[in-house]
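Asks: Can you keep this structure in mind? I'll have questions shortly.
The values are calculated or read from the model by the stated rules, or taken from the named source; none is laboratory data. Since the structure is predicted, the reported quantities are computational estimates derived from the model, not experimental observations. Don't worry about glycine lacking a Cβ; one is built from the backbone with ideal geometry, like all the others, and counts go over all protein chains shown. These accessible areas exclude ligands, DNA and RNA; they are computed on the full protein's heavy atoms, side chains included. Shrake-Rupley method; radii C 1.70, N 1.55, O 1.52, S 1.80 Å.
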Amino acid sequence: MSQTRTTTTTVMPPVPNREDLEATWKYLEAGVSKIMSNLQEGMDMTTYMGVYTAVHNFCTSQKAVSNHSGVIGGAHRGAHLLGEDLYQNLITYLNGYLSELVATSKTHSDEALLAFYIREWDRYTTAAKYINHLFRYLNRHWVKREMDEGKKNIYDVYTLHLVQWRLTLFSAVHDKVMDAVLKMVEKQRHGETIEHSQIKSIVDSFVSLGLDEADPTKSTLDVYRFNFERPFLEATKQFYQAESKQFVAENSIVEYMKKAEIRLDEEEERVNMYLHQDIIVPLKKCCNTALIADHSAILRDEFQVLLDNDRYDDMQRMYNLLSRIPDGLDPLRAKFEAHVRKAGLAAVAKVAVDADKLEPKVYVDALLEIHTQYQGLVKQAFKDEPEFTRSLDNACREFVNRNQVCKSGSNKSPELLAKYTDALLKKSATGAEEHDLENTLTQIMTVFKYIEDKDVFQKFYSRMLARRLVHTSSSSDDAETSMISKLKEACGYEYTNKLQRMFQDMQISKDLNSGFKEFEAGLIEPGDDKPVDASYAILGTGFWPLNPPNTDFTPPAEIAKAYERFQTFYNQKHSGRKLTWLWQLCKGEVKVNYPKNMKTPYTFQVSTYQMAVLLLFNENDKNSYDDIAKATQLQADVLDPALGIFLKAKVLNMSGDGDDKPGPGKMFSLNYDFKSKKIRVNLNIAVKSEQKQEVDDTHKTIEEDRKLLMQSAIVRIMKARKKMKHTQLVSECISQIRSRFVPKIPDIKKCIDILLEKEYLERLDDDELGYLA
Amino acid sequence: SNWKLDQAVNSYFGGNDQAPAARDKDVLGKLFEKYRASTDEKDTVGVEGAMTYLTDLGVNLENAEMLVVLELIQAPFVGELSKQGFVDGWTAAGCDTLAKQKSYVAGQIRSFKSDLALFKRVYKHTFICAKDKGQKALPLENALVYWELLFSPPGKSWVTASTNWAALWAEYLNAKWTKSVNKDMWNQTFVFFEKTMEDESLSFWSEDGAWPGVIDEFVAYAKEKRGDVPDTMETD
C-alpha cells in the first residue's frame, strides 16, 4: 500500500553545501524519508555517510542563517544551537508522516486495523532506531545540552519518534484499536481461535509509549494502564457478570463452581499468553469479584448441602473459590463448626440411650469417629488450613464437654475416657496387639486434648492406675509408661508427677521383696513352720490416691507373723517411717482340703478380710456372726458383703431366724459338699455398690481439690501482685487453672469470699483487692 | 449540723497553745470516771455505766440513736465504753460537759438521716462494736437486728419506689443464709445499699463484678421475687 510513497523518496538529492542549511535539510529529509518508507531496500554506505555528515554540518555551521523565525542565531548562544532547527524540522516531518498514517488508518477496522497498526508500528520504530543512529551528533550535543539545562519536552531522537507517535497517531486511533482487541478477546472467551500474537504486539506497543515525563530514561506503565488495562478489565467484568448470571440461573451451584474454576484458569492462562504481567493482580481481582464474590451468598448456602452429603470434592472446589475473595471463608468455617458440633452431639445421643450403662469404649469411639471423619474433611477439602482446624477443635471441644451424657456437668467425659483407658491397659482375655494398643492410646489423647476437666481425668486415671498396680493387673509396663509420657507431654510434669511416683514405688517394692526374702530366710530356725509366701508393696502416702481402711481389723494369726517380720525388716532399713496396712487392698490364696468328693484341693482367691473369716473355720466348723465379728473386728459394712459372697458361692451355709442376710444371731457352718468346676475359685469380687461409692468419692475429692486449687491460685496471684482489680484477678485465675478445668466465676468468687474471711485478702476501694501477708 | 466537728478540729489544730485541749482531756477524763463502777476494768465503763451515760445524754436505747453515740466515742462493744475513745471523741467534737455533749448528740441524730458520710461511719462502727469479744463475725440474728436499727428512723430507710430492700434482704437471709455475717459481707451490704438507692433496677450489678457471693445470690433472689426478666447471664 505504501507503494506510491516508496517511488517518490528513492532518489536522494545532491550532497549539499555545508553552509546551505535549506539544502542540507532537503538532503536529510530525503534520507530520513528513505529510511522510514523504504528501509527494506537498504541504504548504501555513501548515503549513510552523507546523511551522518549532513547532520554534523548542520549542527556546526558557522554562518548559518536560520530559516526559523529568529529564535536562534544570536552570536552569544553559539553555533551549536543550530541543532534546534534540525530538531524542529524533524518534528515537522514526523507529524506530516504520522498524519498521513492516521488518514490511512480510517480505512481499516477490527482485525485489519490491528494488522495495520502493528505493521506501521514496526516499520516506524525500526526506522526510528536507524534515524537515531544517523542523528547521533544531534543527540550527543544539542539534545544533551538542552536536557542538561533542564529543558522540558526535549528527547533524544528515538524517543522523539515515540512521543510524536503517541501525540499524533496513538491519540487518534487507540480507542478503535482497543475495541478491536476486546472484540478478539471476547471471541476467544467464546471459544474461537484468535491470532493472539496481535494482541501481544498491541500490548507491547502501548507499553513502549509510556514515557516518564520526569525522567526520560525511564518508562512508566501509565499509557498502557489507562488505555489498555482499564478498558480490558471493564470488558472482562461485564462479560463475566453477564455470563455468570445466566449460568447460575440455568445450572446447579456445583456446575457453576466447575465453570468458574475453568474461567479463572483461563484468565490466568490468558495473561501468560499475551497480556502484560502487570494485569495479573487487577484481573484476578476483577474475575474474583464477578465470578465469586457476586455469587458468594448462593455458594455459601450450598455449603450446608455439600456438608450434609459428604461431597468432599465439591467442598474443596468451594474452598478454593471462596479462599480467593476477602473474608470468603469465615461463613464457611462457622457453618462447618456448627455442623461438626451437631454431628458430634447426634453421635453421642445415639449411643447414650441409657447413659448409666454406657460402655466407655462405645462412648469414646463415638466421639472419635466424628473427629476422624471431619479431620479427614479438613485435610482433604480445606488443605488443613489452620482456621478450619481451629473450627474443628472448637466444635469437638463443645460436643466432648457438653453433650447428652454430660448433662449433669462436664465431668462425665473425662471419667468415661479414663475408664476406657483403664480397660485398654488392664490384662484381658482379648489382649490387643502392642501396636494396636499404642494407636488406641494415641486416639485417647486426641479426645483428651478436648477435655476441659483434665483434673477429673487425672483423678480417675490415678485411682485406676493404683488399682492396676496394686493388683498387678496391668497388661504391659511399656504401654503404661507410654500413656504417662503422653499425658506428661500434654499437661506437663506436675500432672503426671504422682503417677510416675506410683510406678517408682512398685519398682522399689520389687527390690525390697527380694531383700526381705533373704532376711526372712535368716530368721527361720529349722523346725519352724514354712513362712507364708507373701509379697509387699510400699506405697508412698501422698502419691497414691488410697485411704487407710475404714474398719478395724485383726489379721489372722497365720499371717500376723509374716507381716510383723516384714515390719521389723522395713524398720531396720528405714527407721522412723510409719507403715499403715491397707488391708482392704490385700488379698491371698488359701488351699482348701475339706470338701468331700474332691480329687484335687481347691484354691480360693480371697481378700484378706475373707481369709480372716475362713481361717476361723480351721478351729470350728461352726461360727456365729458375733464370734466372727469379734475375732476379726470387721465392721458390718465390710463383713456382711464378705460373708455374702461365701454364701452365694456356697462355701458357707447360714442358719438362723429372719431374712437371708448375714447379721447378728446367724450361724455359719462350713459346707463340706462344696463343689466347683474350677480348681481356682475367685471369691474376691468387688461389690457393685462399692464401685458406685468409689465414683462418688472421687467426684467429692475433685470438688474439694478444685476449691483448694482455686484458692491457692488466687493467693499465688495476689502474693505476686499485692493489689489487683477484682475482674482482673478472676480472669487471671481462670487462665492459670484452665489447663486443669474451667472454673466457674461464682466458684472463684466464693473462694475470694473465703480468703477475705480468712484475712488473706482485704477489700480496697474501687473493686480492688489487696494481699495481706 | 456537723460543722461543729470541723470547728472543733480547726480550733484544736489552729491554736499554738495546746493547753485548752489538755484541760479538756482532763475534764473529760473526770466525766468518764464518773460513770465507771468500781468493778469495771481500768479505763473502761461497763454495761451499767454505759446505759446510765446514754440515758443522761437523752439517747433512745431502742433505735439507731445509740449507735450514733457509740461511733462518736468509738465504743469497743455495745455496753462498754473506753476512756480513750470517749476522751478523743469528745475532744475532737469540742464538748467537755454533759450539756454540750447532749446538744451535740441531738444535732448529730437530726442529721443522721441526711448525712451519708456520718451514716456510713456509724454503719461501719456498728459491726465493730456489735461483735462479741474475740469474734470476727456477727451471728446472723444479731446482724439482722442491727440492720433493722440502721435502716429504720432515725436511720436511713432502705426502700425504693418498687422495692423494700431492707425487708427483702432480711427475708432472703432468713430463708437462705446459714452462716454468720463477716466484716466483708457487712461492709459490702452497705455498698450494695448505696447502689440500690441510686439504681433500683440493679443494672449496676454484673456477675463478673466484685460483689461477694451472698450479694450475687441475693440479686438473683430479688430479681425472681420482683419478676424481673432473667437476663442472659443467668441462663449460662
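Asks: Against the 2.2 N^0.38 Å scaling, with N counting residues, where does the stretch B:118-187 land? I'd like the Cα-based Rg ratio to two decimal places.
Replies: 1.11
Asks: So how compact is the stretch A:354-475: Cα radius of gyration and Dmax in angstrom?
Replies: When restricted to the Cα atoms of the stretch A:354-475, Rg and Dmax are 15.4, 49 Å.
Asks: Measuring from centroid to centroid over Cα atoms, what is the spacing of the stretch A:715-735 and the stretch A:146-161 in Å?
Replies: 74
Asks: Explain nothing, just the number: dipole magnitude of the stretch A:230-313 about its Cα centre with +1 on each Lys and Arg Cβ and -1 on each Asp and Glu Cβ, in debye rounded to the nearest 20.
Replies: Dipole of the stretch A:230-313, to the nearest 20 debye: 360 debye.
Asks: For a 18 Å ceiling on Cα separation, which of these pairs sit above it: A:Lys200/A:Lys259; A:Lys412/A:Lys449; A:Lys744/B:Lys223; A:Lys357/A:Lys412; A:Lys454/A:Lys486?
Replies: A:Lys200/A:Lys259; A:Lys744/B:Lys223, as the Cα separations exceed 18 Å there.
Asks: For chains A and B, what's the summed buried accessible area, probe 1.4 Å, to the nearest 100 square angstrom?
Replies: Protein heavy atoms only, the A-B interface buries about 1100 Å².
Asks: I've got another one for you. Once Rh is set to the Kirkwood radius over Cα pairs, what Stokes-Einstein translational diffusion coefficient, in µm²/s, holds for the stretch A:450-571 at a temperature of 37 °C and a viscosity of 0.692 mPa s?
Replies: Using the Kirkwood radius from Cα pairs, D works out to 195 µm²/s.
Asks: Could you tell me which residue out of A:Leu614, A:Ser514, A:Asn550 lies farthest along the dipole of chain A toward its positive end? Charges go on the beta carbon: Lys and Arg +1, Asp and Glu -1, centred on the Cα centre.
Replies: The listed residue farthest towards the positive side: A:Leu614.
Asks: Accessible area per residue of the stretch A:586-685 at 1.4 Å probe, in Å²?
Replies: 57
Asks: What order do A:Leu138, A:Leu39 take when sorted by accessible area (1.4 Å probe), most exposed first?
Replies: Largest accessible area first, the list is A:Leu39, A:Leu138.
Asks: So how exposed is A:Met273, as accessible area in Å² (1.4 Å probe, rounded to 10)?
Replies: Accessible surface of A:Met273 is approximately 70 Å².
Asks: Under a point spin-label approximation (7 Å from Cα along Cα-to-Cβ), what is the A:Lys675-A:Asp301 distance to one decimal in nm?
Replies: 7.8
Asks: Continuing with this model, one more query. Considering only protein heavy atoms, with the full assembly of protein chains and a 1.4 angstrom probe, order B:Glu41, B:Glu65 by accessible area, largest first.
Replies: Descending order: B:Glu41, B:Glu65.
Asks: For the stretch A:692-771, compute Rh as the Kirkwood radius over C-alpha pairs and then the Stokes-Einstein diffusion coefficient at 10 °C and 1.306 mPa s; write the answer in µm²/s, rounded to an integer.
Replies: Value of D from the Cα-based Kirkwood radius: 122 µm²/s.
Asks: Let me ask something else about it. Considering every residue in B:210-219, what mean count of other chain Cβ atoms within 10 Å of its Cβ is obtained?
Replies: That average works out to 4.
Asks: In addition: What dipole magnitude, in Debye to the nearest 20, does the protein assembly as shown give about its Cα centre under +1 on Lys/Arg Cβ and -1 on Asp/Glu Cβ?
Replies: Taking the Cα centre of the protein assembly as shown as origin, the dipole is about 1280 debye.
Asks: Please enumerate, by chain and number, the lysines with C-alpha under 18 Å from the C-alpha of B:Lys225, excluding those fewer than 8 residues away in the same chain.
Replies: Output for B:Lys225: B:Lys176.
Asks: Please name which of B:Asn142, A:Tyr319, A:Phe674 has its Cα lying farthest along the dipole of the protein assembly as shown towards the positive end, using unit charges on Cβ (Lys, Arg +1; Asp, Glu -1) and the Cα centre as origin.
Replies: It is A:Phe674, whose Cα lies furthest towards the positive end.
Asks: At 0.36 nm per residue, and after removing the present C-alpha to C-alpha distance, how many nm does the segment from A:Lys350 to A:Lys573 gain when stretched out fully?
Replies: Extending this stretch completely gives an extra 74.5 nm.
Asks: Per residue of A:740-749, what is the mean number of Cβ atoms on other protein chains within 10 angstrom of that residue's Cβ?
Replies: Going residue by residue through A:740-749 and averaging, the value is 2.
Asks: Cross-chain or 8 or more residues apart, Cα under 15 Å: how many lysine pairs in the stretch A:586-685 fit that? Count them up, please.
Replies: Going through the stretch A:586-685 pair by pair, I get 19.
Asks: Give me the percent of the accessible area of the stretch A:692-771 that comes from carbon and sulfur atoms, probe 1.4 Å, all protein chains in place.
Replies: Answer for the stretch A:692-771: carbon and sulfur cover 49 percent of the accessible area.
Asks: Loop-only check: which GluC sites (Glu not before Pro) in the stretch A:416-480 are DSSP coil with at most 11 other Cβ within 10 angstrom?
Replies: A:Glu433
Asks: To make sure I understand the rule: partners must be aspartates and glutamates, Cα under 14 Å from the Cα of A:Lys342, and not fewer than 8 residues away in the same chain. Which ones qualify?
Replies: By straight Cα distance, A:Lys342 reaches A:Asp308, A:Glu369, A:Asp393, A:Glu398.
Asks: When the Kirkwood hydrodynamic radius is evaluated over all pairs of different C-alpha atoms of the stretch B:147-222, what value in angstrom, to one decimal, is obtained?
Replies: Answer for the stretch B:147-222: a Kirkwood hydrodynamic radius of 12.8 Å.
Asks: Give the dimensionless ratio obtained when the Cα radius of gyration of the stretch A:343-416 is divided by 2.2 N^0.38 Å.
Replies: Normalised Cα radius of gyration, the stretch A:343-416: 1.15.
Asks: Let me check against my output: what whole-number percent is the relative contact order of chain A, with C-alpha pairs under 8 Å and at least 6 apart?
Replies: In percent, rounded to a whole number, it is 6.
Asks: Tell me which aspartates and glutamates have Cα within less than 19 Å of B:Lys133's Cα, excluding those fewer than 8 residues away on the same chain?
Replies: Cross-link targets: A:Glu757, A:Glu759, B:Asp40, B:Glu41, B:Asp43, B:Glu48, B:Glu71, B:Glu80, B:Glu141, B:Asp184.
Asks: Also, I was wondering about something else. Rounded to the nearest angstrom and ordered from largest down, what semi-axes does the equivalent ellipsoid of the stretch A:243-377 get from its C-alpha gyration tensor (root of 5λ)?
Replies: Working from the Cα gyration tensor, I get semi-axes of 41, 14, 11 Å.
Asks: So if R0 is 41 Å, what FRET efficiency would B:Glu62 and A:Lys725 give, r being the distance between their Cβ atoms, rounded to the nearest 0.05?
Replies: Calculated transfer efficiency: 0.45.
Asks: Would you please state the base-10 log of I(q)/I(0) at q = 0.05, 0.06, 0.08, 0.10 1/Å for the protein assembly as shown, with intensities from the Debye formula using one equal scatterer on every alpha carbon?
Replies: -0.71, -0.83, -1.02, -1.22
Asks: Also: Starting from the 7 Å offset along Cα-to-Cβ, what nm value, one decimal, do you get for the label separation of A:Glu489 and A:Ala423?
Replies: Going by the 7 Å Cα→Cβ label model, 2.5 nm.
Asks: Count, for each residue of A:725-731, the Cβ atoms from other chains sitting within 10 Å of its Cβ, then give me the mean as a whole number.
Replies: 2
Asks: Let me ask something else about it. Over 32 Å between Cα atoms, which of A:Lys459/A:Lys750; A:Lys335/A:Lys361; A:Lys749/B:Lys83; A:Lys750/B:Lys156 qualify?
Replies: Violating the 32 Å limit, Cα to Cα: A:Lys749/B:Lys83.
Asks: Compute the normalised compactness of the stretch A:586-685: alpha-carbon radius of gyration over 2.2 N^0.38 Å, N being the residue count.
Replies: Normalised Rg, Cα atoms only: 1.01.
Asks: How high is the FRET efficiency between B:Gln135 and B:Lys195 when r is their beta carbon distance and R₀ equals 22 Å, given to the nearest 0.05?
Replies: The pair B:Gln135/B:Lys195 has a calculated efficiency of 0.20.
Asks: Would you mind working out the magnitude of the charge dipole of the stretch B:149-226 relative to its Cα centre, with +1 at each Lys and Arg C-beta and -1 at each Asp and Glu C-beta, to the nearest 20 Debye?
Replies: It comes to approximately 300 debye.
Asks: Using a 1.4 angstrom probe on heavy atoms only, work out the carbon and sulfur share of the accessible area of the stretch A:157-198 in %.
Replies: 47
Asks: Keeping all protein chains in place, calculate the accessible area per residue for the stretch A:692-771 (probe 1.4 angstrom), answer in Å².
Replies: 56
Asks: So how exposed is A:Lys692, as accessible area in Å² (1.4 Å probe, rounded to 10)?
Replies: 130
Asks: Tell me, what % of the accessible area of chain B is carbon and sulfur with a 1.4 angstrom probe?
Replies: About 52 percent, which is the carbon plus sulfur part of the accessible surface.
Asks: What accessible area per residue, rounded to a whole number of Å², is obtained for the stretch A:230-313 using a probe radius of 1.4 Å?
Replies: 50
Asks: Here's another thing I want to ask about it. Put A:Ile524, A:Ile279 in order of accessible area, largest first, 1.4 Å probe: what do you get?
Replies: A:Ile524, A:Ile279
Asks: Using only the Cα atoms, work out Rg/Rh for chain B, with Rh taken as the Kirkwood radius, to two decimals.
Replies: Checking Rg against Rh, the ratio lands at 1.05.
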